[in-house]
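Accompanying notes for the structure given below.
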Amino acid sequence: MKDYSTAHELLSLLRHGDITSVELLRSQLARVSAIDPTINAVAVLDAERALLRAAEADADRASGRNWGPLHGLPITVKESFDVAGLPTTWGYEAFRTNIATRHATAVQRLVDAGAIIFGKTNVPVSLADWQTFNPVYGTTSNPWDASRVPGGSSGGSAAALAAGYTSLELGSDIGASIRNPAHYCGVYGHKPTWGVVPMEGHALPGIACMDSVDIGVAGPMARSAHDLELAMDVLASPAHSFGSHGWQQARWRDRARPVEGLRIAVIADDPVARVDGAIVARLQALASFLRGEVACVSENRRPVDSSESRAVYLHLVRAATGAFLSDEAYDAARRAASLLDPGDMSYRACHYRGSTLTHRDWFALDQRRSTLRLQWDRFFQDYDLLICPVATTTAFPHNQKGERWERMLDVNGHPQESTDSMFWAGYPGVVGLPATAIPLGRDLRGLPFGAQIVAPAFSDFVALRFAQWLAREWYAFQAPEPLSTVAPAA
């Protein structure tokens, strides 16, 4: 067994008796103990209960009892998901003692399939950053370079995968919170079609259900695109009637789509959010490669107007997250919004304006979103998939000062607000489309980066199967060797 074995490989070893669940879990716990003092990806360990559960998994396997497709596989999940008996804080000091009494629905589905939850991975406060630090659990670093961020908000999840602690993770995504850390850490992640993975149990006290947040989703992260499909088979199927018909109708049809018949659009850059040259060049190289492999490739076709997509997304995502602001924070945002020039479309302006939208203004933006959705539908009449960036750069150095839009990145020698990358988060996100984040290559510093494969609604398996093909034919996960031991910045 290797530290970087995939979930499929580990499950095969377990089935054939080459390793026991207890042995596998002890190996993973030993790796966490050895490496995590530098990375700090695992916020909460539940070793004792997990070892007992692993022993039960081994005993039942020996007796011929099958728990399901994940029988005896030790995994971790994002801290924001409830796991019975463990704290759910979302990084807030005030919720340090908030102990869950039951599993989140998505967690329960993993457990019912045989998975053993041995820990929860770190998040930024309120899941609201592309780096991962909070006053409860501290700062998480990137296993490729501990002086850099792992992304967010599923930053601990991606770091745990890249560091070899776990083979499968459960993340959530409203602003690329699955896709961004997958991109920064060189792993895989899938943002499902909105609504097909239930969100119950992914909320702080006082919030009944996060399904009402109309952009956010839950989805798997892994070191293999095959493992994403394995997890989606367990996680998918909505808890509510909405979306169920579309999902079930799509699954069998999408599995058989031949790669050679695919029509693919590739977007490498955009004036709204300029992308680092190394990422652009790699996406262009991928487009060239695909021309000899698929039915057609376009580098010119775009589904929607970029400025309109950005404006609608930033206002609606901030409306979704702003609904959970404290009274004090909401009043401060409303005062800031009142001073804005109506024509100001900076991220800062969209943040404050979106966080304090009236329902009338929200409805107008939702109508604009419906127009975008129709434009995407027309685009997917001509193309099966779109491949585009996840973010504008590779992982940046730890920077915990000021507001997010005040933190600047260097993109091709020019300063760029770190929040410009949110454009790529919202491109498929605002209209609820599935997107699979894949590793694509490394820059001159050796840092990994990726891309996202966007598919039509309920066509998750088209993207997942294409990601699997790319892993065989183009590029797959690479382990960060050796792990950096540079201490994170204060």
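A short reminder: the numbers here are calculations on the coordinates, not readings from a lab. What you see is a predicted model, and the numbers here were worked out from it, not measured in a lab. Please note: Cβ atoms are built from the backbone with ideal geometry, for glycine as well, and neighbour counts cover all protein chains shown.
Residue farthest toward the positive end of the dipole of the stretch 306-379, with Cβ of Lys/Arg at +1 and Asp/Glu at -1: which of 355, 336, 309?
Toward the positive end, the furthest listed residue is 309.
Given the options 381, 423, 471, identify the residue whose Cα lies farthest towards the positive end of the charge dipole of the chain (+1 on Cβ of Lys, Arg; -1 on Cβ of Asp, Glu).
381
Quick one: 408, 422, 232, fewest Cβ neighbours within 10 Å first, how do they rank?
Fewest to most other Cβ atoms nearby, the residues stand as 408, 232, 422.
Rounded to the nearest 20 Debye, what is the dipole magnitude of the stretch 306-379 about its Cα centre when Lys and Arg each give +1 and Asp and Glu each give -1 at the C-beta?
Around 240 debye, computed over the stretch 306-379.
Taking the Cα centroid of the stretch 338-376 and of the stretch 432-482, what is the distance between the two, rounded to the nearest whole Å?
With the stretch 338-376 and the stretch 432-482 each reduced to a Cα centre, they are spaced 31 Å.
Return the distance in nm (one decimal) between the two label points of a simple spin-label model at residue 281 and residue 330, each offset 7 Å from Cα along Cα→Cβ.
Here the answer is 5.0 nm between the modelled labels.
For residue 406 and residue 364, what is the calculated FRET efficiency with R₀ set at 35 Å and r taken between the beta-carbons, to the nearest 0.05?
Values: r = 29 Å, r/R0 = 0.84.
Once rounded, the FRET efficiency stands at 0.75.
By counting other Cβ atoms within 10 Å of each Cβ, how are 202, 71, 16 ranked from fewest to most?
16, 71, 202
If you place +1 on the Cβ of every Lys and Arg, -1 on the Cβ of every Asp and Glu, and leave all else neutral, what size is the dipole of the chain about its Cα centre, to the nearest 20 Debye?
380
Counting other beta carbons within 10 Å of each Cβ, put 184, 165 in order, fewest first.
Sorted ascending by nearby Cβ count, the order is 165, 184.
With labels modelled as points extended 7 Å from the Cα through the Cβ direction, what inter-label distance (nm, one decimal) is found for residue 126 paired with residue 338?
With each label placed 7 Å out from Cα toward Cβ, I get 2.0 nm.
Show me the trypsin sites (Lys or Arg not before Pro) within the stretch 368-450 that DSSP assigns to loop and that have at most 12 other Cβ atoms within 10 Å of their Cβ. Working shown, then result.
Details: sites: 368, 369, 373, 378, 401, 404, 407, 442, 445; in loops: 401, 407, 445.
Answer by residue number: 401, 445.
Sequence gap at least 6, Cα distance under 8 Å: using those rules, report the relative contact order of the stretch 306-379 to the nearest whole percent.
45
If amide hydrogens are placed 1.01 Å from N in the peptide plane, which non-local residues have theirs closer than 5 Å to the one on residue 145?
484
Find, to one decimal place in angstroms, the Kirkwood hydrodynamic radius of the chain, where the mean of 1/r is taken over every pair of different Cα atoms and then inverted.
Final number for the Kirkwood radius of the chain is 22.4 Å.
Identify the GluC sites (Glu not before Pro) of the stretch 398-463 meeting these criteria: DSSP loop state and at most 13 other C-beta atoms within 10 Å of the C-beta.
In loop regions of the stretch 398-463 (DSSP not H, G, I, E or B), the sparsely surrounded GluC sites (Glu not before Pro) are 403.
Pop the C-beta distance of residue 399 and residue 65 into the FRET formula with R0 = 51 Å and round what comes out to the nearest 0.05.
According to the calculation, E is roughly 0.50.
Which value in nm describes the separation of the simple spin-label points at residue 444 and residue 476, placed 7 Å from the Cα toward the beta carbon?
3.0
Determine the percent antiparallel among the DSSP beta bridges restricted to the chain, to the nearest 5.
That works out to approximately 75 percent antiparallel.
Rounded, prolate or oblate for the stretch 258-315? Axes are the square roots of the Cα gyration tensor eigenvalues, ordered a ≥ b ≥ c, and the cut-off for rounded is a/c under 1.5.
oblate
Of 370, 130, 235, which is farthest on the positive side of the dipole of the chain, counting Cα position, with +1 on Lys and Arg Cβ, -1 on Asp and Glu Cβ, and the Cα centre as origin?
370
Give the long-range amide H neighbours of residue 451: residues separated by 5 or more places, or on another chain, with amide H under 5 Å away, using H modelled in the peptide plane at 1.01 Å from N.
So residue 451 has HN proximity to 438, 440.
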